[in-house]
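What follows draws every value from the coordinates through simple rules; no lab data is involved. If you're wondering where the values come from, they're calculated on a predicted model, not measured in any experiment. So basically every Cβ, Gly included, is an ideal-geometry build from the backbone, and we count neighbours across all protein chains shown.
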Amino acid sequence: MASMSAFIFSIFIAMFGWTPFGIVHDGAYTTGFAAKVAFLSDGTPVAIYNTGSGGPYGYHGDIYVKRWNGSSWDSMGNYLETGRYRDASRPDIAVDSMDNLYAVFYENIRVNRYPFIVLVKKWNGSDWENVGPALNEDMSQSALSPRIVIDGTDRPVVAFSEFSSATSSAEIFVKRWNGASWEIIGGAADDPAGSSASSVSLVINHLNRPVIAYQQDYKIKSARWNGAQWIPNGGVINVDINADAYAPNLAKGSSGKIFIAWHEQDAARGGPVVHSAEWRGNGGWFKLGGPINDDQGVMRSTSGSIDVRGRAVPTISWKDFNSDDLYVSYFSRPTGRWITYSGRPVGEMFGSLSATYFANTKVHLIYTNVAKELLFLTRN
């Protein structure tokens, strides 16, 4: 049944400009979700993702990585977590200029025991090996939701949130691998005037310094490292500073321009909508058009994953808040509007996590469909 559904889907989706690259994870026994993708120098996609299943300690998560071989997806080693039933979650992946792959995720410090720890692993050609110890600042406190990028000198940089017993709230930390250990970049990178910070996103700017965006007190904020300290990138980014906002995602174009996508509550629409903005230095964050969902006449939307096509064309995958429909849209500067590829949904998705990328002159998308198959698609 899965193969038949995949066949029918391939014909249908090709009619609207998308080319499917097989099924990354078939969902027969476990659901693949929260996927991210890195691209090797020859354009080969490598996907990392979460699965969830039952076990002797209840529900738990595993992390897997697969590489496209031209016709199907090959597993790269076994699960990445230290041992089974460690409840591993929220993976991310990055590749350096020499095609070295780095993966990051968090897991229980021991089976069915807190706190959560953040780990980075590197592919050695046959298996995943640890890159240093856990990144937690305080090993007695949980660290969550890491993101990883590679800087201009091929060093992995990781951002994550960690609970602080001193402040009784979560803070954002950024660390860089120096070849022997993880060095913290400054101290806590979030706004000290706020409370718990989470959902961090990370890019490296044109000065080879990290820039973060995060959610704090249900507001979207950003900061950059200036070489000596973390300084705010403007104030609250929300369209409505009184509205709750969530899930910021940063991306950088080939020109060095930085963009952000997030979703926030819209009182007039009775739910969330996805917004995007461009960082213009001293000019602050410049809003790009209206809510992204307006192009499709959709009232509410959620979960905007962003990348940048070429120099400065942000592209976002997003979901209709009231249905399972998944869309991918790009910003048209001549019209000042968001335009949806093919003018219709890509398909129906399970959950709310998708990721879009621009690489090798093409737009790419990875998501879980309602049949719980993890799919990878591409288009011009």
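Worth pointing out:
- Here the scattering of the range 35-185 is modelled by Debye summation over its C-alpha atoms, one equal scatterer each and no solvent; at q = 0.13, 0.15 Å⁻¹ the log10 of I(q)/I(0) is -0.58, -0.76.
- Three-way shape call for the range 258-354 based on the alpha-carbon gyration tensor, with the a/c threshold at 1.5: prolate
- Most fluctuating residue given options ARG309, ARG113, ARG155, as computed from a GNM of the chain linking Cα atoms under 10 Å: ARG113
- On full extension, the segment bounded by ASN69 and SER97 gains 8.1 nm, given 0.36 nm per residue less the C-alpha separation.
- Around the Cα centre of the range 201-271, unit charges on the Cβ atoms of Lys, Arg, Asp and Glu (plus for the first two, minus for the last two) sum to a dipole of about 380 debye.
- Taking a Cβ cut-off of under 15 Å around GLY271, the surrounding Lys, Arg, Asp and Glu residues balance to a net charge of -4, with basic ones at +1 and acidic ones at -1.
- J(HN,Hα) series, the range 93-103, from Karplus relation 6.51 cos²θ - 1.76 cosθ + 1.60, nearest Hz, glycine and proline x: 9, 8, 10, 8, 5, 9, 6, 6, 9, 10, 10
- Between ALA312, VAL239, SER323, the Cα set farthest toward the positive side of the dipole of the range 223-380 (charges on each charged residue's Cβ, about the Cα centre) is that of ALA312.
- Computed from backbone phi, the HN-Hα couplings of the range 367-377 come to 6, 9, 7, 5, 7, 6, 9, 8, 10, 10, 10 Hz, rounded to whole numbers (Karplus: 6.51 cos²θ - 1.76 cosθ + 1.60, θ = phi - 60°; Gly and Pro given as x).
- Distant alpha-carbon pairs in the range 150-256 (separation over 16 angstrom), percent: 57 percent
- The magnitude of the dipole of the chain, with charges of +1 and -1 set on the Cβ of Lys/Arg and Asp/Glu and taken from the Cα centre, is near 700 debye.
- Here's the picture: a label point sits 7 Å out from the Cα of TYR114 along the beta-carbon direction, and within the range 59-103 the residues with their amide nitrogen under 19 Å of it are 59-61, 85-90.
- Long-range HN-HN contacts of THR315 with modeled amide H, under 5 Å: ASP307, VAL308, ARG309
- Largest GNM mean-square fluctuation across SER41, SER164, SER198, computed for the chain with C-alpha springs under 10 Å, falls on SER41.
- A simple spin-label model places the labels of GLN229 and ASN282 2.0 nm from each other, with each point 7 Å out along Cα-to-Cβ.
- Selection from VAL200, SER303, SER255, by position along the positive dipole direction of the chain (Cβ): SER255
- Computed from the C-beta positions of ALA312 and ASN78, the FRET efficiency with R₀ = 56 Å rounds to 0.85.
- For the chain, the Rg and Dmax computed from alpha carbons only, in angstrom: 19.7, 57
- Pairwise FRET efficiency - ASP217 versus SER255, Cβ, R0 = 35 Å, nearest 0.05: 0.60
- Protection proxy ranking of 343-349, 207-213, 32-38 - average other beta-carbon atoms within 10 Å, highest first: 32-38, 207-213, 343-349
- Total formal charge among the other residues, if their Cβ is under 14 angstrom from that of GLY351, Lys/Arg +1 and Asp/Glu -1: -2
- Sites listed here are GluC sites (Glu not before Pro) in the range 137-189 whose DSSP assignment is loop and whose Cβ has at most 14 other Cβ atoms within 10 Å, and the list is empty.
- Phi-derived couplings, Karplus 6.51 cos²θ - 1.76 cosθ + 1.60 at θ = phi - 60°, listed residue by residue for the range 260-272: 9, 10, 7, 10, 9, 5, 10, 4, 5, 9, x, x, x Hz, with x used for Gly and Pro.
- Amide H contacts of ASN233: SER222, ALA223, ARG224, each under 5 Å away and 5 or more positions distant or on a separate chain (H built 1.01 Å from N in the peptide plane; Pro and chain starts excluded).
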